[in-house]
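First the structure, in the form of structure tokens, and then the observations on it.
The values are calculated or read from the model by the stated rules, or taken from the named source; none is laboratory data. Model, not experiment: these values are computed from the prediction. Ideal geometry is used to build each Cβ from the backbone, glycine not excepted, and the neighbour counts take in all protein chains shown. SASA here: full protein model, heavy atoms, side chains in, ligands and nucleic acids out. Shrake-Rupley method; radii C 1.70, N 1.55, O 1.52, S 1.80 Å.
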Amino acid sequence: MAKRALITGITGQDGSYLADHLLDLGYEVFGMIRRSSTETTSRIEHLEDRVEFLQADLLDQASVVKAVETARPDEIYNLAAQSFVPTSWSQPVLTGQFTAMGVTRMLEALRQVAPEARFYQASSSEMFGKVREVPQNELTPFHPRSPYAVAKTYGHHITINYRESYGIFAVSGILFNHESPRRGREFVTRKITDGVARIKLGLAKELRLGNLDSERDWGYAGDYVRAMHLMLQQDEPGDFVIATGRTHSVRQFLEIAFGHVDLNYEDYVKQDPRFLRPAEVDQLIGDSSKAKNELGWVPTVSFEDLVVMMVDADLALHGA
Ligand code: NAP
Ligand code: G4F
């Protein structure tokens, strides 16, 4: 019989790639969607006939219990969150409700109606924040630098706590930044590739950005969802860092993205203090040796290929 998976956050970047992957593996996929007055399903339009959608909101305990009851999942992937770091300073309480308490609501729903289900929590390299060591691995202490990162740190620990308290098969994937043509346009990579496409096609004249010196370990989302699935197939639950092991600055991203369309970023990029953060994470670089050794997971898309893939996708989207 086909395995059943419930994905929260299915309308997001990772949810859409994970649904593709699990359907390819023969899973029956259920997707949790919150009510919205506008359409939020553009990333999963191609899956509408293959996924069963369940309306629920991480803020509403009864609705998530009902979703778990209906899906009767073998695996739950908790990807839903307020995931944009700057918004977590303007809406810190709401971010805590979605991104921290939302995890407990999902774990409680699992404990009440599907205690045998395996649980994946979408944790983040943002938890390392002001980093204590380089590169960061599963044992590196956390120093979160935003309300988002603080909320994710809670989500990480409550997942481990439910595993230790109730024997639930619950894992936390500590994923470093991962991007794709389906990335939200507010995140720096997609903001850049969208900007490059618009400038190249004469639809925009400049691109306003914040800190160009921060460095991230950027990978491809399609690779990272494979790791989520692998984590739930192990004999014992455990936590894993997922990263490429290479770090690049925003400036290097700009050089490749603009260079790909024969432009120089310095002619178009303006620094704008509106996009600076109250506290910055200067550099992230992950050590995913545990994932390589225990899951057999390695990334397949290089930084350079990722940038080019995203620029080409945005050029096509804008009609090039
Ligand atoms: P994303 O594109 O922002 O998607 C977030 C998803 O959460 C959307 O489907 C959104 O639904 C849903 N959501 C938000 N609030 C909700 C609520 N109250 N109830 C139900 N659903 C809600 O994020 P992503 O990049 O795919 O990331 C997936 C997860 O991994 C997030 O938890 C993120 O924090 C974490 N993460 C991401 C990265 C990365 O680099 N991408 C790295 C580490 C960890 P709507 O469509 O209705 O808004
Ligand atoms: O693309 P970003 O907004 O991603 P950030 O803050 O690293 O968070 C992402 O990755 C986390 C994993 O580490 C996830 F947990 C989280 O949900 C999210 O997916 O910013 C990346 C860097 C930052 O240092 C930021 O200051 O880019 C810098 N940046 C410079 N100018 C900018 C801009 N970021 C944005 N969003 N917009 C700018 O104009």
#### Entry: Percentage, to the nearest whole number, of Cα pairs in segment 182-317 over 21 Å apart
47
### Task
Can you tell me how much longer the chain between GLN234 and ASP60 gets when fully stretched, taken as 0.36 nm per residue apart minus their C-alpha distance, in nm with one decimal?
59.5 nm
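Give the Rg/Rh ratio for segment 71-163, taking Rg as the radius of gyration of the Cα atoms and Rh as the Kirkwood radius, to two decimals. Don't skip to the end; give the middle numbers.
Working: Rg = 13.8 Å, Rh = 13.8 Å.
Rounded to two decimals, Rg over Rh is 1.00.
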### Query
How big is the charge dipole of segment 112-241 about its Cα centre, in debye rounded to the nearest 20, if each Lys and Arg gets +1 on its Cβ and each Asp and Glu gets -1 on its Cβ?
820
### Query
How are the C-alpha pair distances of the chain spread across 20 Å bins, as whole percents from the shortest bin up?
33, 59, 8
#### Entry: Backbone N within segment 235-254 under 17 Å of label point (7 Å from ASP282 Cα along the Cβ vector)
247-251
### Accessible-area composition of the chain, carbon plus sulfur, in percent [1.4 Å probe]
48
### Query
Among all the lysines, which ones have a C-alpha under 30 Å from LYS290's C-alpha, if same-chain residues fewer than 8 places away are not counted?
LYS3, LYS130, LYS152
### Summary
Taking every DSSP bridge whose two residues both lie in the chain, the antiparallel percent to the nearest 5 is 5
### Summary
What helix-only [θ] at 222 nm does the chain give? Using -39500 (n - 2.57) per DSSP H run of at least 4, over all residues, to the nearest 500, the answer is -11000 deg cm²/dmol
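May I have the convex hull volume per residue, in Å³, for the Cα set of segment 115-200?
Given the Cα convex hull of segment 115-200, per-residue volume reads 123 Å³.
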## Note on the structure
Ordering THR99, THR244 by the accessible surface of their heavy atoms, 1.4 Å probe, largest first, yields THR244, THR99
### Query
Quick one: Cα centre-to-centre distance for segment 260-320 and segment 132-200, in angstrom?
15
